[in-house]
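Student: Structure in structure tokens, see below.
Throughout, read-outs are computed from the coordinates displayed, never taken from laboratory work. Only a predicted model underlies this, so the values are computations on that prediction, with no experimental measurement involved. Note that we place each Cβ from the backbone using ideal geometry, even for glycine, and neighbour counts take in every protein chain shown.
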Amino acid sequence: MARITGGELLKRILEKEGVRYVFGVPGDQLYPFLNALRDSSIEFITFHDEASAAYAADAYSRVTGRLGVVAGTVGPGGANLIGGVYPAFAEGIPLLIITAQNQTFRSYPDHGSMQALDQYLLFKPVTKWNAVVNSWKRIVELTERAIRNALTGQPGPVHLDFPSDVLHATGDEDDVSLHGIENYRPTLQPQGNADLINRAAYMIINARNPIIHAGGGVLRSGAENEVLELAEYLQIPVTTSISGRGILPEDHPLCLIPNSFGAIAAQAEADLVILVGTKLGDLDFWGRPPMWGEPGTQKVIQIDISGDHIALNRPVDIGIVGDARETLKLLIEKIRSMEERRDKREKNEEYKNLERQWLSEYEETSTLDTIPIHPLRAIWEMRKFYPRDAISVIDGGNTTVWAHYINRVYCPRCFLSSSAGDSGQIGTGVAYSIGAKLAHPERDVYCITGDGAFGYGVMELETARRLGLQITFMVLDDSSWGMIKSGQTLYYDKKYVGVDFNEIRYDEIARAMGCYGERVTDPKGLRDAIRRAKESGLPAVIDVKIDPEKIPPDFQTLATIWLEGCESPPKEEYEVKKIN
């Protein structure tokens with residue numbers, strides 16, 4: 001009888017699942033698994049930091065809808081992974097996290113081993129499910145169970161901790177029974193309750209001024225076509241959460257850009273809100289007045305795969321637990337049987353005009369030739385250069401806010417930004433870009449990042465160069481933690497603590513790693529610099545010296561949200577300065 005190692009067995013399960021990449025940092029406890037990947041359709045992608053590897057796996061999952069896989073070794077490797085897993089946990093991204101562990105006889109509890117770490121408890125707060133695989137005989141069972149948990153219901157990261165002797169252990173190949181995907185996890189998502197869907201259809205048809213508010217759950221479900229169909233059939237305007245951007249093209253007549261004047265007016269005036277795949281987080285202002293209508297007066301229908309999300313931040317009139325795509329299909333079918341297609345709603349053009357008013361000042365500013373360069377000018381040149389289906393990765397504090405004004409999103413799963421998501425994590429940009437480009441090598445990927453955020457992942461430029469990935473990184477360089485400095489400008493009259501950097505030549509760092517690098521100080525040179533970066537065929541860094549005095553107009557609103565509930569010192573004691 002042929003015998004196979006635990007590492008080989010783990011590889012075969014991942015192959016059957018269709019895994020294309022395992023992202024990670026190697027370690028000697030992982031040897032049997034790494035060795036198995038030498039003869040595999042799965043490629044191991046080495047990173048310089050485990051968190052970056054997790055970010056790349058996260059991005060790969062976001063743009064493909066498939067399971068992302070990341071691996072790290074025991075102790076320091078496991079600890080480094082935590083920061084990379086957190087955005088996936090906060091935003092419902094299916095990841096399989098594989099950690100090596102010291103041998104079973106040295107672990108749980110540890111008795112003084114080097115690199116000892118209780119990885120089971122460490123990962124529990126940032127994973128949907130986790131387990132220690134303490135026997136070769138349980139590898140198939142627990143790995144399949146982990147994948148089932150990651151992909152079923154509310155998606156999320158799961159974790160398996162493999163003691164190294166389990167990966168080294170061998171068993172009879174004839175004793176292994178690997179199941180087809182359909183034999184160990186659901187391949188169809190659940191539909192919502194039919195009676196509730198019928199009630200919802202009646203409520204929608206009879207609404208005078210409804211809106212659809214769609215979140216990241218729509219993208220996870222692949223329900224963007226259903227949202228578009230429902231919106232166009234009844235001419236219902238669509239707002240999205242930040243993580244839901246791209247569900248509709250942002251120049252579609254029915255799409256209102258998140259938190260624009262048009263979106264806020266539509267949300268506040270609607271007599272019915274159809275929430276799909278969102279729990280109304282703080283960047284949705286928790287669904288509270290005055291940004292939304294008064295509870296009791298404004299009706300709410302909520303569709304979500306997770307019952308925990310129903311009415312989480314606002315009472316609902318109908319709560320439907322079900323997959324967004326499958327439930328919307330039934331809802332649309334019911335509505336079509338009851339109501340003719342609508343041609344228009346009077347309010348829709350009013351909301352679009354308000355949006356245009358909101359955008360006009362930013363669009364005007366984005367054409368300025370001032371030196372230092374205005375952040376909006378740099379972002380505008382980048383967005384204008386790339387096609388509609390390019391994947392844009394946004395990273396940083398103020399950078400994320402500036403980009404929201406001018407970096408339009410035109411297609412599903414082509415916008416990645418954990419700094420704009422529920423995690424608020426910065427430092428993901430370089431690795432997100434790598435994961436996205438590996439998933440879609442045929443598409444352009446560009447990243448707009450602050451210099452502080454870029455510093456987290458700058459070594460992964462070597463990873464992009466090694467993999468031959470043409471990605472252009474635009475670094476908005478103000479030599480500081482810009483968002484924190486903005487806060488200290490507003491609230492402490494420019495009394496700065498811990499926010500300034502030395503001058504750094506990010507373009508020279510790029511060239512040292514075999515990438516293309518260029519610094520731009522004059523806005524008239526931006527367009528040609530972006531073109532040269534793309535034509536280089538290399539990972540490219542454009543170091544743009546921006547005006548450090550510019551603060552996003554909405555910064556004060558965001559700061560108010562983040563400071564809500566702070567008791568020491570209370571925000572009433574801050575003297576907020578008007579930005580000229």
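Student: Contour minus end-to-end for D528 and S113, with contour as 0.36 nm per residue of separation and end-to-end as the Cα-Cα distance?
Tutor: 143.8 nm
Student: Please state, to two decimals, what the Cα-based radius of gyration of the stretch 194-353 comes to when divided by 2.2 N^0.38 Å (N = residues). Can you show the working numbers first?
Tutor: Numbers: Rg = 13.8 Å, N = 160, 2.2 N^0.38 = 15.1 Å.
Computed over Cα atoms of the stretch 194-353, the ratio equals 0.91.
Student: With respect to the cross-link table entries K279/K352; K494/K545; K128/K334; K16/K128, which display a Cα-Cα separation exceeding 31 Å?
Tutor: K128/K334
Student: So what is the diffusion coefficient of the stretch 77-180 in µm² per second by Stokes-Einstein at 37 °C and 0.692 mPa s, using a Kirkwood Rh over Cα pairs?
Tutor: Stokes-Einstein gives a translational diffusion coefficient of 228 µm²/s.
Student: Sort out for me the Cα centre separation of the stretch 252-314 from the stretch 69-110, rounded to whole Å.
Tutor: What the calculation gives is 36 Å, centre to centre.
Student: Provide the FRET efficiency to the nearest 0.05 for the T170-R148 pair, computing r from the beta carbons and using R0 = 30 Å. Working shown, then result.
Tutor: Working: r = 26 Å, r/R0 = 0.87.
With a Förster radius of 30 Å, E is 0.70.
Student: Right, another one. What Kirkwood hydrodynamic radius, in Å, does the chain give when the mean of 1/r is taken over all pairs of distinct Cα atoms and then inverted? All intermediate terms of the calculation are to be shown ahead of the outcome.
Tutor: Working: mean 1/r = 0.0399 Å⁻¹.
By the Kirkwood definition, the hydrodynamic radius is 25.1 Å.
Student: Using a Förster distance of 35 angstrom, determine the FRET efficiency expected from the C-beta separation of D369 and R336, and round it to 0.05.
Tutor: My answer for the efficiency is 0.10.
Student: Provide the convex hull volume over Cα atoms per residue for the stretch 295-392, in Å³. If you can, show how the numbers build up before the last one.
Tutor: Numbers: hull volume 21.9 nm³, N = 98.
Given the Cα convex hull of the stretch 295-392, per-residue volume reads 223 Å³.
Student: Each label point is 7 Å from the Cα along the Cα-to-Cβ direction; what then is the distance between the points at T521 and S135, in nm?
Tutor: Roughly 6.9 nm, to one decimal.
Student: Work out the FRET efficiency for F105 and Q488 from their Cβ-Cβ distance, taking R0 = 51 Å, and round it to the nearest 0.05.
Tutor: 0.45
Student: Next question, about the same structure. Which loop trypsin sites (Lys or Arg not before Pro) in the stretch 364-445, with loop taken from DSSP, have no more than 14 other Cβ atoms within 10 angstrom of their Cβ?
Tutor: Filter output for the stretch 364-445: R388.
Student: Now for a different question. Hey, if you drop one equal point scatterer on each alpha-carbon of the stretch 3-184 and run the Debye formula without solvent, what base-10 log of I(q)/I(0) do you get at q = 0.13 Å⁻¹?
Tutor: Computed log10 I(q)/I(0) values: -0.57.
Student: Also: Give me the distance in nm between label points sitting 7 Å out from Cα along the Cα-to-Cβ direction at S41 and R388, one decimal.
Tutor: Distance between the two pseudo-spin positions: 3.3 nm.
Student: For the stretch 177-185, in order, what is each residue's ³J(HN,Hα) by Karplus, 6.51 cos²θ - 1.76 cosθ + 1.60 with θ = phi - 60°, in whole Hz (x at glycine and Pro)?
Tutor: With the stated coefficients, the stretch 177-185 comes to 10, 8, 8, x, 3, 5, 8, 10, 8 Hz.
Student: Report the net charge of residues surrounding D478, where surrounding means a beta-carbon distance below 12 angstrom and charges are Lys +1, Arg +1, Asp -1, Glu -1.
Tutor: Numbers: positive: K485, K545, K550; negative: D451, D477, D500, E503, D543, D547, E549.
Neighbourhood net charge equals -4.
Student: A further question follows. Would you be so kind as to identify all helices of the chain, as entire DSSP H runs, whose Cα atoms reach 24 Å or more along the helix's own axis and whose mean Kyte-Doolittle hydropathy is at least -1.0?
Tutor: 76-91
Student: In whole angstrom, how long is each semi-axis of the equivalent ellipsoid of the stretch 366-573, when you take the square root of 5 times every eigenvalue of its Cα gyration tensor and sort them from largest down?
Tutor: Values: eigenvalues 162, 66, 53 Å².
Ellipsoid half-lengths, sorted descending, are 28, 18, 16 Å.
Student: Before rounding to the nearest 500, sum -39500 (n - 2.57) across all DSSP H runs of length at least 4 in the chain and divide by the residue total; then give [θ] at 222 nm in deg cm²/dmol.
Tutor: Counting only the DSSP helices, I get -12000 deg cm²/dmol.
Student: For a quick check of your reading of the filter: which trypsin sites (Lys or Arg not before Pro) in the stretch 248-343 sit in a DSSP loop and have no more than 14 other Cβ atoms within 10 Å?
Tutor: Counting only loop positions with at most 14 other Cβ atoms within 10 Å, the trypsin sites (Lys or Arg not before Pro) in the stretch 248-343 are R341, R342.
Student: Taking the Cα centre as origin and putting +1 on Lys and Arg beta-carbons and -1 on Asp and Glu beta-carbons, what dipole magnitude results for the chain, to the nearest 20 debye?
Tutor: Here the chain has a charge dipole of around 640 debye.
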